[in-house]
Structure formats: C-alpha cells, structure tokens
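Chemist: So that we are looking at the same thing, I have put the structure below in structure tokens.
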Amino acid sequence: MNEMIEKPSTTVRLNKHLALNLGISRREADNLIGRGNVTINGLIATLGARFNEGDKIAVDGKEIAAKTEYQYIALNKPVGYVCSRRQQGDSPTIYELLPESLHHLKTVGRLDRNSSGLIILSNDGDFTYHMTHPSFFKTKIYNVRLESTLAPLHQQMISDYGVQLEDGPSKLQLERMNDVDRKSWIVTMHEGRNRQIRRTFGVLGYTVLKLHRTNFGNYALGDIKEGKFEVVSKL
C-alpha cells in the first residue's frame, strides 16, 4: 500500500503577515483579528487564520500592500527633529531625512526634539517589542553635557540610590567622560521612560544641555554621520 505524502502548506499565517506589513507585533496583530478588524477576501478573519497568495487582506476596509521582507535601519538623528510622522510646529520630522521608500518604517523607541543620536527604525513589530519592552532590559548609552558641575554627592545619589520621579524611582549609571570637568558624562540606563535622563538631573537642579545616544541594545552609532542612516541587520 502506497502512503500518501502530504505536501507542505503554501498558506501564510495572517498574524505574521499583518505584523510584517503594519510594523506591529504578532500580539497586536492577533488583537486586530480578534476585534474583527481584518478581512480575507471580504470575510471577517478569525484567530489562527491562514491565507493563500493572491488573497486580499484588508484592515478596517483598507487593503494592505504586501512587503517582501523585514527592514532595519540606524539613523543618526540631529537635534531639532521629532520622531513622528507629523511635523510639530516648526520642527521637521526624521522622515524628512529618509527616502520615501523607507517612510513605512516605524521608530523603535524615540528621542525627544532636543536630543540627538541613534534611532533604529523597522517594520518588524516583534523586534520593536523586544527592543522597547522594559522586561528585556536593553542597555542604552548616552553622552550627556550638563550646564553646571555635578556634585559628587549627587552623582552618588543617582548611581547608587536613584532619585524619585513622579512615575517612579530613576537610577542611572554615571561615568565621567574626562578628567577636566564634571559636566560631561556617559550615562547608561536600562529603562526608557519619557525624558527620564533630563528629569532625573532636573530633580537635583541640573539642566541637560546635550543628550546624544550612542548605543541601543546591540546597536552602536559608530561613524554614521549626522542626519544620515545605514541599513543594518537584526541583531
């Protein structure tokens, strides 16, 4: 008796497809499907659904164009640009630094308008989740310049004990950049709360004049020039 050999499935998992094409995580894709926002050929999709090549996938009635692969780029953000798709006042967005073919990518975390340095962009939602969720403890390193000299006692408070912010305690690792003054510091952190470094120094009466990110997880800014970007691999 001849055994029938089952052919490998040529269908594609819907949540994986949505994650790739919308730049969201698979968990977020499942939430869209579960709420009934996704259709396959006009029919509401269900969790765990698969589809065939050529099927029409739509989210909230809008068909999504399929992309072929995940993309990752590292950008050296200049001061004055916002990590948003919409211009905020007179401040340009970082997407003005990128070709239109990369405008579908989403930022992996953010830097505020007055900060500069390394920004990662990608259409890989799972990658973004693992890079930004607090449970994964991604190391971030910044060069920070203060307006005034940091007192040794305040250095110890920030590094050893932390300071209390309105959204919880903040503890940063501080290292002097040189032996000349106590205004320039290398700051290492594992969190990513909004303006956390500026607020931490601000509680103790210091103003941050410069905040420049050099490292994020396994990625380093390297020799990428200001306002330029490089295609990188998933690390």
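The values are calculated or read from the model by the stated rules, or taken from the named source; none is laboratory data. Note that this is a predicted model, so its numbers are computed, not measured. Here the Cβ is made from the backbone with ideal geometry for all residues, glycine too, and neighbour counts use every protein chain on show.
Chemist: List pairs: first residue in the stretch 166-185 and of a type in the set (A, V, I, L, M), second residue in a loop (DSSP other than H, G, I, E, B) and modelled with pLDDT of 95 or more anywhere in the structure, Cβ distance under 8 angstrom, at least six positions apart or on different chains.
Modeler: Close Cβ pairs satisfying both conditions: LEU174/LEU150.
Chemist: Filter the helices (runs of 4 or more DSSP H) completely within the stretch 110-203 down to those with at least 3 residues that are closer than 30 Å to ARG86 by Cα, touching a strand residue (DSSP E or B) at 6+ places or on another chain (Cβ under 9 Å) and in the same structural domain as LYS77 (by TED's automatic domain parsing).
Modeler: 125-132
Chemist: Shifting gears a bit: Within the stretch 61-72, does at least one residue satisfy the condition of being touching a Ser or Thr at 6+ places or on another chain (Cβ under 9 Å), surrounded by 11 or more Cβ atoms within 10 Å (Cβ to Cβ) and within 24 Å of LYS225 (Cβ to Cβ)?
Modeler: yes
Chemist: If VAL163 meets every condition in (1) touching a Pro at 6+ places or on another chain (Cβ under 9 Å); (2) over 25 Å from TYR129 (Cβ atoms); (3) surrounded by fewer than 15 Cβ atoms within 10 Å (Cβ to Cβ) apart from one, which number is that one?
Modeler: Only one criterion in (1) touching a Pro at 6+ places or on another chain (Cβ under 9 Å); (2) over 25 Å from TYR129 (Cβ atoms); (3) surrounded by fewer than 15 Cβ atoms within 10 Å (Cβ to Cβ) is unmet by VAL163, namely (3).
Chemist: Would you call GLY54 over 20 Å from ASP126 (Cα atoms) and at pLDDT 90 or above?
Modeler: no
Chemist: Still on this structure: Just checking, how many residues over the stretch 193-225 are on the phi > 0 side of the Ramachandran plot and either basic (Lys, Arg) or surrounded by fewer than 16 Cβ atoms within 10 Å (Cβ to Cβ) (or both)?
Modeler: 3
Chemist: Residues that are touching a residue at least 60 places away in the same chain (Cβ under 8 Å) and under 22 Å from LYS228 (Cβ atoms): does the stretch 86-99 have at least one?
Modeler: Yes: the stretch 86-99 contains one or more residues that are touching a residue at least 60 places away in the same chain (Cβ under 8 Å) and under 22 Å from LYS228 (Cβ atoms).
Chemist: Regarding LYS106, is this residue in contact with a strand residue (DSSP E or B) (Cβ under 7 Å, 6 or more places away or on another chain), touching a residue at least 12 places away in the same chain (Cβ under 8 Å), within 30 Å of ARG193 (Cα to Cα) and not assigned by TED's automatic domain parsing to the domain that holds ARG193?
Modeler: So LYS106 fits the description; yes.
Chemist: Exactly one of these conditions fails for THR188: (1) touching a residue at least 12 places away in the same chain (Cβ under 8 Å); (2) more than 26 Å from LYS228 (Cα to Cα). Give me its number.
Modeler: (2)
Chemist: Spot the failing condition for GLY36; the list is (1) surrounded by 14 or more Cβ atoms within 10 Å (Cβ to Cβ); (2) among the small types (Gly, Ala, Ser); (3) more than 30 Å from ASP223 (Cα to Cα), and only one is missed.
Modeler: Of (1) surrounded by 14 or more Cβ atoms within 10 Å (Cβ to Cβ); (2) among the small types (Gly, Ala, Ser); (3) more than 30 Å from ASP223 (Cα to Cα), only one is false for GLY36: (1).
Chemist: Any idea how many residues of the stretch 113-136 are surrounded by fewer than 20 Cβ atoms within 10 Å (Cβ to Cβ) and of a type in the set (Val, Ile, Thr)?
Modeler: The qualifying residues number 1.
Chemist: Which ones in the stretch 41-55 are over 16 Å from ALA19 (Cα atoms) and part of a loop (DSSP other than H, G, I, E, B)?
Modeler: Residues of the stretch 41-55 that are over 16 Å from ALA19 (Cα atoms), as a first pass: 41-44, 52-55.
Passing the criteria: ASN41, GLY42, ASN52, GLU53, GLY54, ASP55.
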